[in-house]
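J.: Got a structure for you, written out below as structure tokens; questions coming shortly.
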Amino acid sequence: MTGQEIIEKVKALQLPQGEYIVFGSCPLAVAGLREANDVDMLVSKKLLKELEQRCWQQITKASDDKPFTHDVFEAHDAWDFDGYSRTLEQLLATADIVDGIPFASLAEVRAWKEASGRPKDLKDIELIDTHTSIKTLN
């Protein structure tokens, strides 16, 4: 999905401001660095209960990772992976707001991907670093 497709899909959910942030690979897509396969979100516990009432299905990805899913969305109530842990409030404080949608900053995405260290994360770190160095030159 492109950044614009992600924005349209998230807007269609009509989620309350301050209750979620879009994370994962979506901030890279919005920055035009690459497309995303799904839409990962960190949501408040209140919003997670609302999504469950909207018939989102809970899946188990790991013993401590049980997001609720619907269509291309995964909603998590904690973002505590591989030595990287941030609260919704921390991420919202540094969010990039694009067309009214809060996205995790590329700096946060980079920190999370660096902590994860998977091969796909290393490629994304290179994309972020190149993008950041180009912005710095301009």
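J.: Those residues that are β-branched (Val, Ile, Thr) and under 13 Å from residue 101 (Cβ atoms), I need them from segment 1-42; list them, please.
T.: 6, 7, 10, 21, 22, 30, 39
J.: For the structure I just gave you, tell me whether residue 64 is farther than 16 Å from residue 20 by Cβ, modelled with pLDDT under 95, surrounded by fewer than 16 Cβ atoms within 10 Å (Cβ to Cβ) and acidic (Asp, Glu).
T.: Answer is yes for this residue.
J.: Being within 21 Å of residue 30 (Cβ to Cβ), without any contact (Cβ under 8 Å) to a residue 24 or more places away in the chain and out of contact with any Gly (no Cβ under 6 Å at 6 or more places or on another chain): is that true of residue 75 here?
T.: No.
J.: Restricting attention to strands (runs of 3 or more DSSP E) lying wholly within segment 83-129, give those where 1 or more residues are touching a Cys at 6+ places or on another chain (Cβ under 9 Å) and of a type in the set (A, V, I, L, M, F, W, C).
T.: Result: 101-103.
J.: Within segment 1-59, track down each residue that is in contact (Cβ under 8 Å) with a residue 12 or more places away in the chain, surrounded by fewer than 14 Cβ atoms within 10 Å (Cβ to Cβ), among the basic types (Lys, Arg) and not in a loop (DSSP other than H, G, I, E, B).
T.: The answer is 11, 45, 46.
The values are calculated or read from the model by the stated rules, or taken from the named source; none is laboratory data. Predicted model only: the values in this text are computed from it and were never measured. Don't worry about glycine lacking a Cβ; one is built from the backbone with ideal geometry, like all the others, and counts go over all protein chains shown.
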